[in-house]
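Chemist: Structure in structure tokens, see below.
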Amino acid sequence: MLVKIYKPDGLRAYFIGTDRPYTYAIPVFSNKRKGASVGIDFAIGMSIFILMVAVGLYYASVITAPSTPFAEQVRDTSSATTTSFQRLASWTVNIVPVTVSAPAASSTYPIEIPYTVPPEYNPATLAARKGQTSQQIQFDRADNTTTILTSLEEGENHFEISYATSSDLDPLPEPDRINRSGSTLETTDWTADLDTDGIDDLTYDGETYLTDSTLTGIGTGQDWTNGTIRYTRHYENATVRGFGGTGQIRITQDNADDSTVSYFDLDAAFSSLETEDSTTDVTGPGTHYSGTTDYATFTYDSGGTTYGLTLVGTEMDLTVGRQSAGSDLETNLTTPGQQRSLMLLAHTGDSSATSAQRDIFLDGSQTIGLVQHRRGIAEHELETLDDMGTDTLATELGLTEMGFNITVDGYGFGDPIPSGQDVAALEYPLPNLQRWGNSTRVTFNLAVWL
């Protein structure tokens, strides 16, 4: 309702509010000299004008104030740029952990691991390491075996096989430890000729060891697989594998049984035989040994050096003898089971010279873990980005309308950071991945400005 208020000077004003008259102790409007009056419209207008000036000054201060470095637009662009850069510089390395349990220590030993690298792998990326040390490695798709030439300690030995499916990485330089010429395998110390029956002859350190061998039931196939660590001759039911870096030849026969006999004729100079249970003189004619053993070491002395050849196989049913004095020493053997695994070790010295490799072959074990996928940036990928040029890289990163500067692991991309201008800056660690899957931490620095 309208309430009339009486004023000291007789002026009247009407307000909407209380339902009873109220007399102000202080006049609502000041007393005016006669002839001077101020209307309520003027008072309201002045109030609105002052309010508009105040609001205008406030927004003017907001508009003219410098923007913050982490304004929403720049912050979002920085995050997107970081993701794009990591995508361009990233590399994935596949890791296969392998544990080898060895009953003895060996300075050089070829480990044959039944692991198949996927067909799409890049051969230049295949690597192996033990701890922080790179190992020599070879993969053969013919029998899906990965071979590592390494040293072993007694107990558990941990390795990592690594490979990538695509990369511009240069292959690791590796020496050829074994060479083949026709049917002849050659290493630093020994030479072997292979024929349709197996090993035709074997010499070590210039001395003749085997004069002939016949592996019954191996079939007729004669394909070769060449490599830097081992060479393999593939038969229909068998493989004969020679290794560089150690005087080993391994033979695997499939579909073998007690009627499948392996014949090894040794040079007539061999005069002594050591097995698990005895040491026997084998110089004369007749049968000198007939029994079951896991190894047989044949030796002879020449010029003050003991030359030895060790045959290793699980529960070999072994017979050793000569037809006559001065003739080749004949060795016949069978093993239980349908797959026969034998190892020949050419060496100097008695059986102790090969005991470690012998025990590892007989009693060593392997455990292959699940494939792991490690991701990070890589130096060779940074080199590729470095060749792009600033404009091309800006397009790839979605920064064609903005300036940017990126530094990481000694590489710089983009333009110099301007002074006197708002710049959004990010800094955080990234994993720098090497070919065998280990990584170091590097700092990624990004500056973006409008």
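Chemist: Only one of Thr293, Thr297 is at pLDDT 95 or above, part of a strand (DSSP E or B) and under 20 Å from Thr208 (Cβ atoms). Can you tell me which?
Modeler: Working: Thr293 fails: under 20 Å from Thr208 (Cβ atoms).
Matching residue, one of Thr293, Thr297: Thr297.
Chemist: With the requirement that a residue be farther than 20 Å from Thr395 by Cα and within 33 Å of the chain's Cα centre (by Cα), what does segment 408-424 give you?
Modeler: Selection gives Asp409, Gly410.
Chemist: May I pose another question? Among the numbered criteria (1) closer than 30 Å to Ile111 by Cα; (2) in contact with a Pro (Cβ under 8 Å, 6 or more places away or on another chain), which single criterion is violated by His347?
Modeler: If we test His347 against (1) closer than 30 Å to Ile111 by Cα; (2) in contact with a Pro (Cβ under 8 Å, 6 or more places away or on another chain), just (2) comes out false.
Chemist: Can you tell me which residue is farthest from Ser162 (Cα to Cα) among those in segment 439-450 that are among the aliphatic types (A, V, I, L, M) and in a strand (DSSP E or B)? Please lay out each step first, then the result.
Modeler: Keep residues of segment 439-450 that are among the aliphatic types (A, V, I, L, M), which gives 442, 446-448, 450.
Filter once more, so that each one left must be in a strand (DSSP E or B): 442, 446-448.
Details: Val442: 22, Leu446: 31, Ala447: 35, Val448: 37 Å.
Once the filter is applied, the top-ranked residue is Val448.
Chemist: Could you name every one of the strands (runs of 3 or more DSSP E) located completely within segment 324-392 that has at least 3 residues being surrounded by 15 or more Cβ atoms within 10 Å (Cβ to Cβ)?
Modeler: Details: elements: 329-334, 340-348, 365-368, 372-377.
Passing ranges, in order: 329-334, 340-348, 372-377.
Chemist: Being over 40 Å from the mean Cα position of the chain (by Cα), within 28 Å of Ala356 (Cβ to Cβ), open to solvent by less than 10 Å² (accessible area, probe 1.4 Å) and among the aromatic types (Phe, Trp, Tyr) is the requirement here; does Phe298 meet it?
Modeler: Details: over 40 Å from the mean Cα position of the chain (by Cα): yes; within 28 Å of Ala356 (Cβ to Cβ): yes; open to solvent by less than 10 Å² (accessible area, probe 1.4 Å): yes; among the aromatic types (Phe, Trp, Tyr): yes.
The answer is yes for Phe298.
Chemist: Since Trp436 meets every condition but one in (1) of a type in the set (Phe, Trp, Tyr); (2) assigned to a strand (DSSP E or B); (3) touching a residue at least 24 places away in the same chain (Cβ under 8 Å), which condition does it not meet?
Modeler: (2)
Chemist: Of all residues in segment 303-320, how many are open to solvent by 10 Å² or more (accessible area, probe 1.4 Å) and closer than 22 Å to Thr293 by Cα? Talk me through it step by step, then tell me what you get.
Modeler: Quick first cut of segment 303-320, residues open to solvent by 10 Å² or more (accessible area, probe 1.4 Å) only: 303-307, 314-315, 317, 319.
Filter once more, keeping what is closer than 22 Å to Thr293 by Cα: 307, 314-315, 317, 319.
Matching residues across segment 303-320 total 5.
Chemist: Select from segment 395-424 the residues that are open to solvent by 60 Å² or more (accessible area, probe 1.4 Å) and either of a type in the set (Ser, Thr, Tyr) or part of a strand (DSSP E or B) (or both) and write down the one among them that is farthest from Ile161 (Cα to Cα).
Modeler: Per the stated criteria, the residue is Ser419.
Chemist: Find the residue count for segment 95-149, including only residues that are touching a Leu at 6+ places or on another chain (Cβ under 9 Å), part of a strand (DSSP E or B), open to solvent by less than 20 Å² (accessible area, probe 1.4 Å) and farther than 18 Å from Pro173 by Cα.
Modeler: 7
Chemist: Asn438: at pLDDT 90 or above and either open to solvent by less than 40 Å² (accessible area, probe 1.4 Å) or in contact with a Ser or Thr (Cβ under 6 Å, 6 or more places away or on another chain) (or both), yes or no? Please lay out each step first, then the result.
Modeler: Working: at pLDDT 90 or above: no; either open to solvent by less than 40 Å² (accessible area, probe 1.4 Å) or in contact with a Ser or Thr (Cβ under 6 Å, 6 or more places away or on another chain) (or both): yes.
Against the criterion (at pLDDT 90 or above and either open to solvent by less than 40 Å² (accessible area, probe 1.4 Å) or in contact with a Ser or Thr (Cβ under 6 Å, 6 or more places away or on another chain) (or both)), Asn438 does not qualify.
Chemist: Next question. For segment 273-290, which positions are modelled with pLDDT of 95 or more, open to solvent by 70 Å² or more (accessible area, probe 1.4 Å) and not polar (S, T, N, Q)?
Modeler: Asp281, Pro285
Chemist: Out of all the residues in segment 151-184, which are in a loop (DSSP other than H, G, I, E, B), in contact with a helix residue (DSSP H, G or I) (Cβ under 6 Å, 6 or more places away or on another chain) and open to solvent by less than 40 Å² (accessible area, probe 1.4 Å)? Outline the logic, then answer.
Modeler: Applying the first criterion (in a loop (DSSP other than H, G, I, E, B)) to segment 151-184 yields 153-154, 164-178, 182-183.
Checking the rest, the ones that are also in contact with a helix residue (DSSP H, G or I) (Cβ under 6 Å, 6 or more places away or on another chain) come to 164, 167-169, 171.
Selection gives Ala164, Ser167, Leu169.
Chemist: Then there is this: Kindly evaluate Asp258 against the criterion of being touching a residue at least 12 places away in the same chain (Cβ under 8 Å), out of contact with any Leu (no Cβ under 9 Å at 6 or more places or on another chain) and of a type in the set (D, E, K, R).
Modeler: Values: touching a residue at least 12 places away in the same chain (Cβ under 8 Å): yes; out of contact with any Leu (no Cβ under 9 Å at 6 or more places or on another chain): yes; of a type in the set (D, E, K, R): yes.
Against the criterion (touching a residue at least 12 places away in the same chain (Cβ under 8 Å), out of contact with any Leu (no Cβ under 9 Å at 6 or more places or on another chain) and of a type in the set (D, E, K, R)), Asp258 qualifies.
Chemist: So, in segment 372-386, how many residues would count as being under 20 Å from Pro416 (Cβ atoms) and among the charged types (D, E, K, R)?
Modeler: From segment 372-386, those under 20 Å from Pro416 (Cβ atoms) are 382, 385-386; that's our starting set.
Keeping just the survivors that are among the charged types (D, E, K, R) gives 386.
Selection size over segment 372-386: 1.
Chemist: Name every residue in segment 186-221 that is open to solvent by less than 40 Å² (accessible area, probe 1.4 Å) and on the phi > 0 side of the Ramachandran plot, in order of residue number.
Modeler: Gly198, Gly219
Chemist: Let me ask something additional. Being open to solvent by less than 10 Å² (accessible area, probe 1.4 Å), of a type in the set (S, T, N, Q) and under 14 Å from Ile218 (Cα atoms) is the filter here; which residues of segment 233-270 pass it?
Modeler: Gln253, Ser262
Chemist: What's the number of the only condition in (1) in contact with an Asp or Glu (Cβ under 6 Å, 6 or more places away or on another chain); (2) surrounded by fewer than 20 Cβ atoms within 10 Å (Cβ to Cβ); (3) part of a strand (DSSP E or B) that Trp224 fails to meet?
Modeler: (1)
The values are calculated or read from the model by the stated rules, or taken from the named source; none is laboratory data. As the structure is a computational prediction, the values presented were derived from the model and not from experiment. As a convention, Cβ positions derive from the backbone with ideal geometry for all residues, glycine included, and neighbour counts pool all protein chains shown. In case anyone asks, the SASA skips ligands and DNA or RNA and just uses the protein heavy atoms, side chains included. Shrake-Rupley method; radii C 1.70, N 1.55, O 1.52, S 1.80 Å.
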